[in-house]
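See structure below.
The values are calculated or read from the model by the stated rules, or taken from the named source; none is laboratory data. Source: prediction; values computed, not measured. When we count neighbours, we look across all protein chains shown, and the Cβ atoms used for this are built from the backbone with ideal geometry, even at glycine. With ligands, DNA and RNA removed, areas are computed over all heavy atoms of the protein, side chains included. Shrake-Rupley method; radii C 1.70, N 1.55, O 1.52, S 1.80 Å.
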Amino acid sequence: MNVAIVKYNAGNIFSVVNALKRLGIEPRLTDDAEELMSADKVLFPGQGEARGAMEYLRARGLDRVIRHLRQPVLGICVGQQLLCRHSDEGDVDCLGIFDADVKRFRPERHEDKVPCMGWNRLYDVKNALFEEGSYVYFVHSYYVPLCEHTAATANYILPYSAALHRDNFFATQFHPEKSGKAGEEIIRRFLEMK
């Protein structure tokens, strides 16, 4: 299977590479348009800052490439946020796959810490890629509000989109590559998609 990972100026890509290798997949880390368009599956992971990431993608024309991918695409963490319309982080327009804006968590109580770090449960699951009640690992200061594309919900300060789905685009705010067996199963299901 030909699996590509979008290379851009974001961290945490190698934990995704290692998760795929554990499943017997040798992915290609690339910012080459032809390689991305010809892949069977594309992963768009990352940790970082939205404005800088979008500048990198635009400078290489990858913003247009990603919007036109027709194979299954999985955005992870900042990858999910960049697939949205706009991000409060850096006040930047993003790729617009999902009709939603990314917001910063606003603590309401003393115990509300930002960034949100740790394990949380998925609920109100609306897509077979995810499993109701599974625990997955999050690290993020920004979130996507609930919207028409919400595929799974989590709750930290408020209910928000833990996962999104639209057409061939899937995305997780959490890190499946760091979420043990539950996360490995999500990646496996994604790779098995037709």
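Overview of values
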read-out: Residue check for K126: among the basic types (K, R) and free of Cβ contacts under 8 Å to residues at least 12 places away in the same chain; value: no
read-out: N155, sole failed condition from (1) over 24 Å from F14 (Cβ atoms); (2) in a loop (DSSP other than H, G, I, E, B); (3) in contact (Cβ under 8 Å) with a residue 24 or more places away in the chain; value: (2)
read-out: Matching residues, segment 29-44, being part of a helix (DSSP H, G or I) and of a type in the set (S, T, N, Q); value: S38
read-out: Scope segment 103-138; condition farther than 26 Å from E192 by Cα and either in contact with a His (Cβ under 7 Å, 6 or more places away or on another chain) or aromatic (F, W, Y) (or both); matching residues; value: F105, P115, C116
read-out: Every residue from segment 1-28 that is open to solvent by 70 Å² or more (accessible area, probe 1.4 Å) and either in a loop (DSSP other than H, G, I, E, B) or of a type in the set (D, E) (or both); value: M1, K7, N9, E26
read-out: Selection from segment 112-137 of residues that are assigned to a loop (DSSP other than H, G, I, E, B) and open to solvent by less than 80 Å² (accessible area, probe 1.4 Å); value: D112, V114, P115, L122, D124, V125, N127, L129, F130, G133, S134
read-out: The lone exception for G52 - which of (1) small (G, A, S); (2) crowded, with 24+ Cβ neighbours inside 10 Å; (3) more than 16 Å from the chain's Cα centre (by Cα) it fails; value: (2)
read-out: Cβ pairs under 6 Å, 6+ apart, first in segment 1-20 and closer than 12 Å to K178 by Cα, second among the polar types (S, T, N, Q) and open to solvent by 10 Å² or more (accessible area, probe 1.4 Å); value: N12/Q47
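Per-residue answers, yes or no, for (1) touching a residue at least 12 places away in the same chain (Cβ under 8 Å); (2) crowded, with 19+ Cβ neighbours inside 10 Å; (3) among the charged types (D, E, K, R):
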| position | (1), (2), (3) |
| --- | --- |
| T30 | yes, no, no |
| Y56 | yes, no, no |
| H68 | yes, no, no |
| Q81 | yes, yes, no |
| C84 | yes, yes, no |
| D88 | yes, no, yes |
